[in-house]
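The values are calculated or read from the model by the stated rules, or taken from the named source; none is laboratory data. This structure is a prediction, so every number in the text was calculated from the model and none was measured. Don't worry about glycine lacking a Cβ; one is built from the backbone with ideal geometry, like all the others, and counts go over all protein chains shown.
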Amino acid sequence: MSTLILNIKQLLQAHESNVTILKGEEMKTLSIIEDAYVYIDHDTIIEFGKMEDYRPIEADITIDAAGKIVLPSWCDSHSHIVYAGDRTSEFVDRINGLSYEEIANKGGGILNSAKVLQDTSEDELFEQSIKRLNELIAMGTGAVEIKTGYGLTVEAELKMLRVIKRIKQESLAVIIPTLLAAHAIPAEYKSKKQEYIKLIIEELIPKASQLNIVHYIDVFCEKGYFNLKETEAILAAAKAYNLQPKIHVNQFNILGGIALGVEYNALSVDHLEELNDKDIEALKGSNTIPVALPGCSYFLGIPYTKARDIIDAGLPLAIATDYNPGSAPSGNMNFIVSSACVKMKMTPEEAINAATINGAYAMGISNMYGSITRGKKANLLITKPMNHYSEIPYGFAHNPIEQVIINGQLLN
Ligand code: NIG
Ligand code: FE
């Protein structure tokens, strides 16, 4: 199957060489071709360029994209889309004045979702989760990281991993699984947290590795969850199984998780709603990318990650949804790009770079995804007609996407 897209008003993120990350100043430009075409064969981008250089090529499908923008699909590097049920009652509790922390202390929060997930069958969990994924794909997401962390028992965490594996097999989207067993302290381990950590280290990590699908380890490094020492113990144990860290740090408090992540060669450090100069220094010169999650700041009413400080320090930045039932129940990357501009003062160019190539980097897939480059996989978005790509973030909470190509297949 081959597809040709012609008369593209603006082709974004078109790179001759295989970029894999954009840092600091580099994030300020989107490599753009005005009046362009793209040719895709099977699942691969074969050719692209200016319409004036286009020479007729035979294709099974030809799309006239006159007046439309084409760019790589969104790369959502942080999600928790495998969960059961919802937490609408806690949402109302928060409206009535309780904080996220107060709800968690009452046994709500992550523990509430864990209880529901443990009682949900594997098939039902799969059905609920793939439905969410399909909604995200229709809104332009082509690659998603999915974390465990609502199981909190060996059996339920492995159930989540099997569901993620099945999603990976059945969806055209790229799925990157991450083991987040250290997401909260299960109720039965409340007064014996060290035993839960021991269970993760001695039983869960080895068993998860045997499933052969997971390459990343996550820990919620936060007051009331896992402290720095406990986070380190888990990262050290995971290292022996070749699991690279992608960790939750600095959401509510600064514990030193960023420097620890860098020390353990984390692929990404995520959240960073709280951030100090030491954290920024720790990231300089590292291979670890910071990831901001503006949907979580929006929904919980907590600070937005200081994107300007990060980018102006010459660092890269990715943005992702954090889609989960408690702190960010939306997986719409278009809204994330918009809120990065509106709330984090990122330019449209920076936000689009953060949501494509840098998101791909934060999942370890930027050699094959995240830009329009010959030889990369064909995960592309075609927008509705618009005058300029800045309309994508400008029209906040609109859906700017008209058509989606995933793994070379046109979905609508
Ligand atoms: O990334 N911070 C920890 N984990 C999720 C929230 C999980 C939940 O509330 O269910 C997050 O915000
Ligand atoms: Fe998260």
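Tabulated results
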{"quantity": "In segment 113-131, the residues that are touching a Ser or Thr at 6+ places or on another chain (Cβ under 9 Å) and not small (G, A, S)", "calculated": "Q118, Q128, I130"}
{"quantity": "Options L275, L315, L267, L243; residue that is on the phi < 0 side of the Ramachandran plot, more than 14 Å from ligand 2 (Cβ to nearest atom) and free of Cβ contacts under 8 Å to residues at least 40 places away in the same chain", "calculated": "L275"}
{"quantity": "Checking F252 against (1) within 21 Å of I175 (Cα to Cα); (2) among the aromatic types (F, W, Y); (3) within 16 Å of ligand 2 (Cβ to nearest atom), the condition it does not meet", "calculated": "(1)"}
{"quantity": "Of all residues in segment 36-79 being farther than 30 Å from L293 by Cβ and of a type in the set (S, T, Y), the one that is surrounded by the most Cβ atoms within 10 Å (Cβ to Cβ)", "calculated": "Y37"}
{"quantity": "Residue count, segment 290-319 (criterion: within 10 Å of ligand 1 (Cβ to nearest atom) and either assigned by TED's automatic domain parsing to the domain that holds T29 or buried (at least 24 other Cβ atoms within 10 Å of the Cβ) (or both))", "calculated": "3"}
{"quantity": "Within segment 278-301, tally of residues that are more than 13 Å from ligand 2 (Cβ to nearest atom), assigned to a loop (DSSP other than H, G, I, E, B) and within 30 Å of E135 (Cβ to Cβ)", "calculated": "1"}
{"quantity": "Test for F220: is it within 25 Å of V116 (Cα to Cα), within 16 Å of ligand 1 (Cβ to nearest atom) and under 22 Å from the mean Cα position of the chain (by Cα)", "calculated": "yes"}
{"quantity": "Members of segment 134-181 that are within 16 Å of ligand 1 (Cβ to nearest atom) and assigned to a loop (DSSP other than H, G, I, E, B)", "calculated": "T148, G149, Y150, G151, L152"}
